[in-house]
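Inspection log for the structure reproduced underneath, given as structure tokens.
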Amino acid sequence: MADSSSLLYNQLKVAKPFFLLAGPNVIESEEHVLRMAKSIKDIATKLGLPLVFKSSFDKANRTSSKSFRGPGMAEGLKILEKVKVAYDLPIVTDVHESSQCEAVGKVADIIQIPAFLCRQTDLLVAAAQTGKIINIKKGQFCGHSVMRNSAEKVRLAGNPNVMVCERGTMFGYNDLIVDPRNLEWMREADCPVVADITHSLQQPAGKKLDGGGVASGGLRELIPCIARTAVAVGVDGIFMEVHDDPLSAPVDGPTQWPLRHLEELLEELIAIASVSKGKQQFQIDLTPYRD
């Protein structure tokens, strides 16, 4: 298990120009997830991008207790296992409690730590002990330096296969901002850096509901802006949530990228990445210059 995780981790680390973690936010049905996995794999294969398929079995962090959460762990993992077998795809999904890690590790190739839980030591250690790759999302409330410590917690638990993910920082109430400097500074964690280009456009609890209460809104039209910035800076991976009918998505519809535009956006990102030197440290010469 650990050997296969290390193999995948090493493949993702050297992916050119970047690897892709993509899929619908949450498992809505077996049929929908299988259909989405096939469509996204077809596009990624055509473009030569390494793909890890993403979908959540439970969205525990919802703005409202009435919000759709998904099928739950037991049923959700069965569905993700079918995706893995049917399309020969590695899987990334998130955990919320230490007790979930062992079962999730039997199916997922990458275990994702949600942003709100990025400092939870017991959860990080339990995830690390599965031997799977651990993707830690940076908390909206955290500076970039926190991610170095979180990654180190995984390594100290005996698992070197870790990566960190930028997904925006709280900017006042109900809004996030992506600071491109974090994409550079997070390299201090000495591991692959991923940019979440969809959650980072959320407006948490910023959307009023007709029946009262609030939900998270988002700025879908700015997803290309953040994505272009990330690949120009030279991130190792792109995380994005994709849906074939975003207006009907039960979770995070405003920040899921339309499947119909996925290939077009990825083609542009590949083109930007191919001319950017973002992965190379700029050697600044401060000696006196004379023309």
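The values are calculated or read from the model by the stated rules, or taken from the named source; none is laboratory data. Predicted model only: the values in this text are computed from it and were never measured. So basically every Cβ, Gly included, is an ideal-geometry build from the backbone, and we count neighbours across all protein chains shown. The accessibility values were calculated without ligands, DNA or RNA, using every heavy atom of the protein model including side chains. Shrake-Rupley method; radii C 1.70, N 1.55, O 1.52, S 1.80 Å.
Between S99, L47, I79, the Cα set farthest toward the positive side of the dipole of the chain (charges on each charged residue's Cβ, about the Cα centre) is that of S99.
Sum -39500 (n - 2.57) across every DSSP H segment of at least 4 residues in the chain, then divide by the residue count to get the 222 nm mean residue ellipticity, nearest 500.
Taken over the chain, the calculation gives -10500 deg cm²/dmol.
Report, for the chain, the % of DSSP beta bridges that are antiparallel, rounded to 5. In the chain, approximately 15 percent of DSSP beta bridges are antiparallel ones.
From the alpha carbon centroid of segment 240-291 to that of segment 9-39 is 16 Å.
Could you work out the relative contact order of segment 138-291? I mean the mean sequence separation of Cα pairs under 8 Å and 6+ apart, divided by the number of residues, in percent. Working shown, then result.
Values: 254 pairs, mean separation 28.0, N = 154.
Computed over segment 138-291, the figure is 18 percent.
For segment 85-176, the list of GluC sites (Glu not before Pro) that fall in a loop by DSSP and count at most 12 other C-beta atoms within 10 angstrom is empty. Note on I284 and A103: the extension gain reaches 60.3 nm, defined as 0.36 nm multiplied by sequence separation minus the Cα-Cα distance.
Going by accessible area, probe 1.4 Å, with all protein chains left in place, what is the ranking of K153, K137, K106, largest first?
Values: K153 60, K137 10, K106 140 Å².
Largest accessible area first, the list is K106, K153, K137.
Under the combined filter of DSSP loop state and at most 11 neighbouring Cβ atoms within 10 Å, segment 214-291 retains these chymotrypsin sites (Phe, Trp or Tyr not before Pro): F282, Y289.
What is the magnitude of the charge dipole of segment 75-114 about its Cα centre, with +1 placed on the Cβ of each Lys and Arg, -1 on the Cβ of each Asp and Glu, and no other charges, expressed in debye to the nearest 20? Walk me through the numbers before you get to the answer.
On the way: 4 positive and 7 negative charges, 27 e Å.
Rounded to the nearest 20 debye, it is 120 debye.
Once neighbouring chains are kept in place and the probe is 1.4 Å, which whole percent of the accessible area of the chain is contributed by carbon and sulfur?
Numbers: 7220 of 13710 Å².
Roughly 53 percent of what the probe reaches on the chain is carbon or sulfur.
Taking 7 Å steps out from each Cα toward its Cβ at E75 and A15 produces label points 3.0 nm apart.
Using +1 on the beta carbon of Lys and Arg, -1 on that of Asp and Glu, and nothing else charged, what's the dipole of the chain about the Cα centre, debye to 20?
Numbers: 33 positive and 35 negative charges, 59 e Å.
With only Lys, Arg, Asp and Glu charged at Cβ, the dipole is about 280 debye.
Based on protein heavy atoms only, segment 135-283 ends up with 46 Å² per residue of surface accessible to a 1.4 Å probe.
Taking amide H as placed 1.01 Å from N in the peptide plane, the amide H of W257 sits under 5 Å from that of E241, V242, H243, each at least 5 places away or on another chain. Plainly put, the chain has a radius of gyration that is 0.96 times its Kirkwood radius, both from alpha-carbon atoms, as the Rg/Rh ratio.
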